[in-house]
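Novice: Sharing a structure here in structure tokens format.
The values are calculated or read from the model by the stated rules, or taken from the named source; none is laboratory data. Note that the structure is a prediction, hence the values are computed from the model and not measured. Heads up, the Cβs are rebuilt from the backbone with ideal geometry, glycines too, and the neighbour counts pull from every protein chain shown.
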Amino acid sequence: MPSKPARLNGRIGFAAMGDSSPLGLRSFSHVCIGVTDMERALDFYRRLLGFDLVFDIELEGPSLEVVTGSPGAKGRMAGGLIAGVMVELLALGSTEGPAAGPHLGYTNVSFCVEDLDVAHTRVLELGFAPAQGPVEIGGVRMFFVTDPDGTPIELIEFPDGIASSAQLWGR
């Protein structure tokens, strides 16, 4: 009988296909954002979002070739914390940018701010161009700004002092 990954004795193992248990995840790890120019990306993420650099490494070798599907692949990865979340910036050379607007798969990274109007003003003061002014959808206020490669960054303000999506939805 085929098997699939499952949590057994605190470790990922294999269980029979009839077992519908989800993977035993420990925590959220990181978000990885592809960039074309690492220095330009670091400037954006540091100045606008307070990216606190944790590591900056050069990448190459057989493992990178397997992961990227590109023989001879080389790159650079810089990881840092933004609001306690590990964000990894990955430069693998020139590639096609993201599709404009919502699409299947990854659509944006979102960070909560205390006061959206103050955040919008600060984005402008720092010389960045928001995609639009603050809007409200379902009681949540937001606006978007794109990084230098067009990756959408959402800045969001929850109602009534709520600090997270989980808290908003009662989790």
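Novice: Residues in segment 43-52: is at least one in a strand (DSSP E or B), at pLDDT 90 or above and either among the aliphatic types (A, V, I, L, M) or surrounded by 12 or more Cβ atoms within 10 Å (Cβ to Cβ) (or both)?
Specialist: yes
Novice: Could you please tell me which pairs satisfy a Cβ distance under 6 Å, a separation of 6+ or placement on different chains, a first residue in segment 137-162 that is in contact (Cβ under 8 Å) with a residue 40 or more places away in the chain, and a second residue that is among the polar types (S, T, N, Q)?
Specialist: Asp149/Thr36; Pro152/Asn108; Pro152/Thr146; Glu154/Asn108; Glu154/Ser110; Ile156/Ser110
Novice: If the requirement is being at pLDDT 90 or above, surrounded by fewer than 16 Cβ atoms within 10 Å (Cβ to Cβ) and touching a strand residue (DSSP E or B) at 6+ places or on another chain (Cβ under 9 Å), which of these qualifies: Phe14, Phe28, Phe55?
Specialist: Phe55
Novice: Could you list, in sequence order, all residues of segment 58-73 that are of a type in the set (D, E, K, R) and surrounded by 10 or more Cβ atoms within 10 Å (Cβ to Cβ)?
Specialist: Glu60, Glu65
So that you can scan it fast, the table gives a plain yes or no per residue for (1) farther than 16 Å from Thr151 by Cβ; (2) at pLDDT below 90; (3) in a strand (DSSP E or B):
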| site | (1), (2), (3) |
| --- | --- |
| Pro5 | yes, yes, yes |
| Ser20 | yes, yes, no |
| Thr36 | no, no, no |
| Val66 | yes, yes, no |
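Novice: Do we have any residue at all in segment 88-108 that's touching a helix residue (DSSP H, G or I) at 6+ places or on another chain (Cβ under 9 Å), within 14 Å of Ile33 (Cα to Cα) and at pLDDT below 90?
Specialist: Taking every residue of segment 88-108 in turn, at least one turns out to be touching a helix residue (DSSP H, G or I) at 6+ places or on another chain (Cβ under 9 Å), within 14 Å of Ile33 (Cα to Cα) and at pLDDT below 90.
Novice: Gly80: within 24 Å of Leu155 (Cα to Cα), surrounded by fewer than 13 Cβ atoms within 10 Å (Cβ to Cβ) and at pLDDT 90 or above, yes or no?
Specialist: Taking the combined requirement at face value, the residue does not satisfy it.
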